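Worksheet: one structure, shown below.
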Amino acid sequence: MESFFALMHVVMTIITFTRANETVCTLQGQPVYPKLWKDGDIIIGGVFSFHSSWEIRQITYSVTPPPLNCISLNYRDFQYVQSMLFAVEEINNSSTLLPGVSLGYKIYDTCGSMAMAVRVTMALANGHENASSAGPCTKQAYVQTILGDTTSSACMAMAKTIGPFKLPMISHYATCECLSDKTKYPSFLRTITSDYYQSRALAELVRHFGWTWVGAIRTDDDYGNNGMATFTKMAEQMGICLEYSLPFFRTYPEDKVIRIIEQIKSSTSRVIVGFLVHWDLEVLLHKFVEYNITGYQWVGTEGWISDSVIASMDKHHILQGAVGLAIPKTQVTGLKEFILDIKPLKSSGSVIFTELWEALFQCKYSTKNDSRFTTPCTGKEELSQMQNTFTDMSLMPIFSNVYKGVYAVAHTLHNLLGCKEKCASKKQLDPLTFLTHLQKVRFKTKDGEEVYFDENGEAVAKYEVINWQPSKKKHDEFVTVGLYDASLPVKDCLAVNMDSIVWANNVTKVPVSVCSESCPPGTRKAVKKGKPICCYDCIPCTEGEISNTTDSVTCLRCHQDFWSNLQKDGCVEKETEFLSFEEIMGILLTMISIVGTFITMIIAVIFFKYKNTPIVKANNSELSFLLLFSLMLCFLCSLTFIGRPTEWSCMLRHTAFGITFVLCISCVLGKTVVVLMAFRATLPGSNVMKWFGPPQQRLSVLGFTLIQVLICVLWLTISPPFPFKNLNYVKEKIILECDVGSSIGFWAVLGYIGLLALLCFILAFLARKLPDKFNEAKFITFSMLIFCAVWIAFIPAYVSSPGKFTVAVEIFAILASSFGLLFCIFLPKCYVILLKPEKNSKKHMMGKMASN
């Protein structure tokens, strides 16, 4: 279509250029004449579809096609024309607006044809007479401005044609967003809102009702296609999906219409958005009745939602409960009465008046050659007795748009012509000057409504939300249930009274139209492969993640100190795990530690009581008491491993364990060395005991212990143990444990203990075959064997034990090795002291030694 107009412009330019030097400007083609006209100082053009169709004729391409034979009177456009004439008459009769200047008009019929719309537009721009001129064929526009047309497609063709000449054009009903492009349509204005706002408002309305899965049918022209494209874009941004978007035009063949019907029947969405003009919906309604397409919730545009003709045709209530957007209701005083008084039309155009009169009253002025009407027209028929489309005033807001367009022209002329009591000039203004001032005009109608154009030459976006509700009248009643005002903040644009809406099929709740049910909290949406984003599965959040809103797209991970609850819709504080004194395991280990301490104290008391007996003296009583003290500390140090780890307890437990065990092993090592030295001292000529007497024994124990103390001091200084939250081992729990800080320090402490224990074991093993008097070496060997076995087994158990069991393993190793030393070294002696006192004598011990 665009290439056609571009070619037409080129042809016009060539014609103008080739005839520029001639004295006569000849009109090309057959002239077209207005259906209604009136002379005046300044002429306003009008382009309307008095007829909605034309006869289809066979074109032979051998002769010039005859003019269109228009058929099917369009009562709606007659109402628009009457609104224009009403405004013109008011202005001409006004003493304050354009005083002394009369407005005339030339109004053409397009028959619903875009080609005819362009043709009559050119006629309004150029006139239809041949003119003589001494100069080139250029002149001022034939009219000051053009009002019309009703459809967006026709307006696009017209506006693109006259745009280069800056001849203003004002439409009352063309809503296509594309017409806002001032680079393509620089002289186009409209007294109605762009479909950009309507499409956005429709998407807001659909979202407001919670419909995320809808179907759509659009008129297959610029109005429907551009409007639906904008709606689709807005809907996607709002999370709404279109199951289908089908084009339709009233001239579609039957097979194409059937495919549309089948698509709707096979769909799962229960809401249909109809971006249609009323002519197309009329055809569709018949098809829906034929194929029983019922039970759908309709969402409509201003193109049909408040059209009483459509409502009257809906006998099967297919559209009942429909909601949609309509231009806000307005009132123009006296307009209704003027529209219904059609007799004055006769003076403006007798032919079109006669045709309208005959169609309205189903009569004929002359019935000689027409068998359709047998009733002759008298001219006295009254519309007050009729009820049809022409008498229906439901489109009063659109009539008002026409009215406001004429007044916008008048107020602009009033300002430019310097009108006060009288106008300084009555001459028609050049188009560019007039257009510039028309875009800036601002005034109030007699009913107080403010009128102005925005930066795109459009009216401010306001819509009423209309609901079709059952009525006792001939058709459903159009009830206003809400308002959309684009001038308000986005969150406040749409206001709907949900309680006053009557839904399709008379359901009491908002109909549901979703591809997938909402995902509850605790789940997230996962789009199904190959499906739109509205079709999804609800996937439960993984452990440690939550979603606390409906239809959450993602699950949120809880903070590291928190974990998801069972429902996965909230985070709860993680359970902290550590070996406490209150739990059974902690209680048992505490009791065992206390029992071990108590047993050690009892043995110490026994040894103290019998300190002068041979068996106590023979086993180095000083080292024995020191060993018992160190074992008591070993039992007690295990208690530092129980309870909530703190900074001090972490440092104390490892250092206390390391130092007390070295003290213990040092004592055992001292006793082992004493045994070996004592045996050598019994050999002739040996004085070895003077080198390892009591002072040397104390120093050796002190020296070995001080080395461990030094290791612990370095460990605590460089990188001490500290309390640590282990979040990785068990994800749903926080394991409180002591991190060793420096691994080198930790293993140095254990390694030193292990080194002393190994040395002690070797020495005791070497002394195991000494005389019975010194059989303590055997017990030391066995105790060291138990000690080493426990701590060798400790390593893999410590590494593999989870959580608090790691600490339990360490405590068990401490207690097991302590009990091993205590029982192996001291239990046999206590047995002799308490149960075999006869063996606790110097004579018995010397005798036994002699026998060996």
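The values are calculated or read from the model by the stated rules, or taken from the named source; none is laboratory data. Fair warning: this is a prediction, and the values are worked out from it, not measured in the lab. Every residue, glycine as well, gets a Cβ built from its backbone with ideal geometry; the counts of neighbours run over all protein chains shown. Note: accessible area is taken over every heavy atom of the protein model, side chains too, but ligands, DNA and RNA are not part of it. Shrake-Rupley method; radii C 1.70, N 1.55, O 1.52, S 1.80 Å.
Can you pull the accessible area of C824 for me, 1.4 Å probe, Å² to the nearest 10?
About 20 Å², rounded to the nearest 10.
Which whole number in µm²/s is D for region 523-573 by Stokes-Einstein, with the Kirkwood Rh taken over Cα pairs at 10 °C and 1.306 mPa s?
On the way: Rh = 11.3 Å.
Here the translational diffusion coefficient equals 141 µm²/s.
Provide the descending list of Cα extents for region 203-322 along its principal axes, expressed in whole angstroms.
35, 27, 27
Treating the angle as unsigned and between 0 and 90°, give the value, to the nearest 10°, between the Cα long axis of helix 195-208 and the longest Cα principal axis of the chain.
On a 0 to 90 degree scale, this one is about 40.
Hey, if we sort T232, T554 by accessible area with the 1.4 Å probe, largest down, what's the order?
Details: T232 40, T554 80 Å².
Per-residue accessible area, sorted high to low, gives T554, T232.
Using only the Cα atoms of region 431-585, build the gyration tensor, take square roots of its eigenvalues as a ≥ b ≥ c, and label the shape rounded, prolate or oblate: rounded if a/c is under 1.5, else prolate if a/b is larger than b/c, else oblate.
Numbers: a/c = 3.30, a/b = 2.18, b/c = 1.51.
It comes out prolate by the Cα gyration axes.
Let's see if you can work this out: charge +1 on each Lys and Arg Cβ, -1 on each Asp and Glu Cβ, no other charges. What is the dipole magnitude of the chain about its Cα centre, in debye to the nearest 20?
Roughly 4880 debye for the chain.
Mean residue ellipticity at 222 nm from the helices of the chain, using -39,500 (n - 2.57) per DSSP H segment of n ≥ 4 over the full residue count, to the nearest 500 deg cm²/dmol?
Details: 23 runs with 371 residues, N = 852.
That calculation yields -14500 deg cm²/dmol at 222 nm.
Counting only protein chains, not ligands or nucleic acids, how are W791, W648 ordered by accessible area (probe 1.4 Å), most first? Mind showing how you got there, number by number?
On the way: W791 30, W648 200 Å².
The residues order as W648, W791, largest area first.
Order the following by accessible area, largest value first: S471, S95. Probe radius 1.4 Å; ligands, DNA and RNA are ignored. Don't jump to the answer; show the numbers that get you there.
Working: S471 40, S95 95 Å².
Highest to lowest solvent-accessible surface, that is S95, S471.
Counting only protein heavy atoms and using a 1.4 Å probe, what share of the accessible area of the chain belongs to carbon plus sulfur, as a whole percent? Could the numbers behind the result be given before it?
Values: 24320 of 40470 Å².
Taking all protein chains in place, the chain shows 60 percent carbon and sulfur surface.
Given the whole protein assembly as supplied and a 1.4 Å probe, what does the accessible area of E55 come to in Å², nearest 10?
80
Whole number please: convex hull volume per residue of the Cα set in the chain, in Å³?
Values: hull volume 250.9 nm³, N = 852.
Here the figure is 295 Å³ per residue.
For the chain, what does the accessible surface come to per residue with a 1.4 Å probe? Please give it in Å². Walk me through the intermediate numbers first.
Details: 40470 Å² over 852 residues.
Using a 1.4 Å probe on heavy atoms only, each residue of the chain averages 47 Å².
Any idea how far the Cα center of region 237-283 sits from the one of region 551-596, in Å?
With region 237-283 and region 551-596 each reduced to a Cα centre, they are spaced 58 Å.
Once phi is turned into θ = phi - 60°, what whole-Hz ³J(HN,Hα) does the Karplus curve with 6.51, -1.76 and 1.60 give for every residue of region 657-666, x standing for Gly and Pro?
Per-residue couplings from phi come out as 4, x, 6, 5, 6, 5, 4, 5, 5, 5 Hz.
Which of Q30, L758, S52 sits farthest toward the positive end of the charge dipole of the chain, with +1 on the Cβ of Lys and Arg and -1 on the Cβ of Asp and Glu?
Toward the positive end, the furthest listed residue is L758.
Select from region 383-427 those trypsin sites (Lys or Arg not before Pro) which occupy a DSSP coil region and have at most 14 other Cβ atoms within 10 Å, ordered by residue number. Mind dumping the intermediate values first?
On the way: sites: K404, K420, K422, K426, K427; in loops: K420, K422, K426, K427.
Within region 383-427, the qualifying trypsin sites (Lys or Arg not before Pro) (loop, at most 14 other Cβ atoms within 10 Å) are K420, K422, K427.
What is the diffusion coefficient of region 584-843 in µm²/s, taking the Kirkwood radius over Cα pairs and the Stokes-Einstein relation at 25 °C with a viscosity of 0.890 mPa s?
On the way: Rh = 19.4 Å.
Approximately 126 µm²/s, per Stokes-Einstein.
Take the alpha-carbon centre of region 454-509, take the same for region 386-423, and report the distance between them in whole Å.
Each part reduced to its Cα centre gives a spacing of 26 Å.
Let me cross-check L628: its accessible surface, 1.4 Å probe, with only protein heavy atoms counted, in Å² to the nearest 10?
Surface accessible to solvent at L628 totals approximately 0 Å².
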